[in-house]
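All remarks here apply to the structure that follows.
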Amino acid sequence: MNPIFAIPAHDVASILPEIILTVAGSILVLLEAFLPGLRRLYHALAIAAVGLAAWAVATLPTGPSFHGLIEATPLTGAFSQVVLLATVLGLLAAPGYLSRERLLAGEYPALILWCSAGMLFLVRGVELLAIFLALELLSIALYGLAAFHRREAFSAEAALKYFLMGAFVSSFVVYGIALVYGETGSTRLDGIATALATGQGSPGLLLLGFLLLICGFAFKLSLVPFHAWAPDVYQGAPSPVVAFLSVAPKVASAVVLVRLVAAIAGSPLGGGWPDLVAALSVLSMLIGNLFALVQRDIKRMLAYSGIAHMGYLIIPLASPGATTWRPVLIYLIAYVLMNTGAFAIVSMLYARPGEQHAISTLSGWGYRFPLLAGCLTVCMVSLAGIPPTAGFLGKYFVFLHAIENGRLDLALFGIAASLVGAAFYLRVVYMLYMKPELAAPERTAIDLHGRLAAIATAGATILLGIWPQPLLDWIVRSLAGL
């Protein structure tokens, strides 16, 4: 073998989780072609592959690989496990819906696994071109998932909007990479930070390059003013897809955004970046909560709710540093649990895909579906940030970080925004238990997998709110190397 093209065994071993997910996805597509009678086992096989990938993440040796393009650290391992948690929950939420809509096929879990592999690369990437390739890998899979309900016009419309805006934003990222490389001579984040610290390059072009990069990942997080795609895509895409799309890409994108903000904020050019992040946070909390307040469709309400939650999430980025990672990680874990649980329950209860997800439809169903209604109530209470839930824990650490770093204004605004948000979350609970039933449910998709997803998310949300110490200890160990 030509040694120039030989890949060291250490490098191959360093991407074992991604290899497991990619190979498992490919096997599922082959099974769909040759053994379609096993379709009901596909999601179980995909979940087993995710479990194997989680084991591989936990056992990865720390250090860089592929000449420093990606890295494995306790911190990247922690975020990778959160991505895999979102992947498992997304897989559990899907079979009932897919069976009801006659869409059960191997391509669905395969796309989920390939998307998850791209997210793991995104979490671990420390070089801009590697990050861009990972971003495109996960984005292409998400476009296919958004359009998976091929007989539904709303799904095709959602996918088209997501694709067009995503492709447009990808051009921002590429142009930003070109500008940063042209001015610093490096695409590696550590090399860029060194060049910025020494004053290398044109300040104007560097600022423009970083602004374009941050725009790209702000789009993935659906931060204002890059949020316009979210309500339409959430409403039109299949609900199990939204359960995954609304959380997993945000975990991976948040890691990159923290790294980018930390790189430029610690340089001589970084004076105004904390204020820019603060402005994005305030706008996202304000617009997200106010627009969610007037929604009558639960999926659109949760879309605007997600915009507001990403505003809370980036509050710690207004004071970037080593302490930023803890509140971000805690908040993302809480958000994955409560938001995935909400969409998993929506996918089971609402019969018609597309636009028919009126909140009023839930009237009186708290007594017809006591288990699912109880789980949905827990998710709504947690999204509102009410104790004792994981959502309260996440907001507590985000606001505490802001206060400790002299951003009392952001903490107070976040608390006020949370009070507004409580109104539309509790409206769902009010409909479940305090309004008479308007209509009997039809074609619900309640299955064992969906119940497991609902119970797991609601149970973990309550458990972390009551007993957070094991989670906090795990996060401390993950941050020990910073």
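Nothing in this text is a laboratory measurement; each read-out follows from the coordinates by a stated rule. On a predicted model such as this, the values are computed, not experimentally measured, just so you know. Positions of Cβ are generated from backbone atoms using ideal geometry, with glycine treated the same way; all protein chains shown enter the neighbour counts.
Brief remarks on what is shown
- Förster radius 30 Å - calculated FRET efficiency between C215 and T323 (Cβ-Cβ, nearest 0.05): 0.70
- Highest mean first, the peptides 189-197, 224-232, 394-402 sorted by other C-beta atoms within 10 Å per residue fall in the order 394-402, 224-232, 189-197.
- As a proxy for reagent exposure, R151, R124 were ordered by neighbouring Cβ count within 10 angstrom, fewest first; the result is R151, R124.
- Binned Cα-Cα distances of the stretch 263-406, short to long, each 5 Å bin given as a whole percent: 2, 10, 16, 20, 18, 12, 9, 6, 4, 2, 1, 0, 0
- Segments 55-63, 253-261 sorted - mean Cβ within 10 Å per residue, highest first: 253-261, 55-63
- Shape class for the stretch 1-55, computed from the alpha carbon gyration tensor (a ≥ b ≥ c): oblate, with a/c not under 1.5 and a/b at or below b/c.
- Cα-based shape type of the stretch 263-311, given that a ≥ b ≥ c are square roots of the gyration tensor eigenvalues and the cut on a/c is 1.5: prolate
- Dimensions (Å) - the chain, Cα atoms, principal axes, largest first: 67, 59, 42
- Long-range HN-HN contacts of R188 with modeled amide H, under 5 Å: L128
- Under the shape rule built on the C-alpha gyration tensor, where the axes satisfy a ≥ b ≥ c, the stretch 40-90 is prolate, since a/c reaches at least 1.5 and a/b is greater than b/c.
- Measuring nothing but how far apart in sequence close Cα pairs (under 8 Å, 6+ apart) lie, relative to its length, the stretch 14-478 scores a relative contact order of 16 percent.
- As a length-normalised measure over Cα pairs under 8 Å and 6 or more apart, the relative contact order of the stretch 346-482 settles at 41 percent.
- Distance in nm between pseudo-label sites at L208 and R296 (7 Å out along the Cβ direction from Cα): 4.7
- The alpha-carbon atoms of the stretch 329-396 define a convex hull whose volume equals 91 cubic angstrom per residue.
- Percentage of interatomic Cα-Cα distances in the stretch 211-291 larger than 18 Å: 47
- Relative contact order (%) - criterion: Cα under 8 Å, at least six apart; region: the stretch 112-270: 29
- In the chain, the calculated helix contribution to ellipticity at 222 nm averages -24000 deg cm²/dmol per residue, counting -39,500 (n - 2.57) for every DSSP H run with n ≥ 4.
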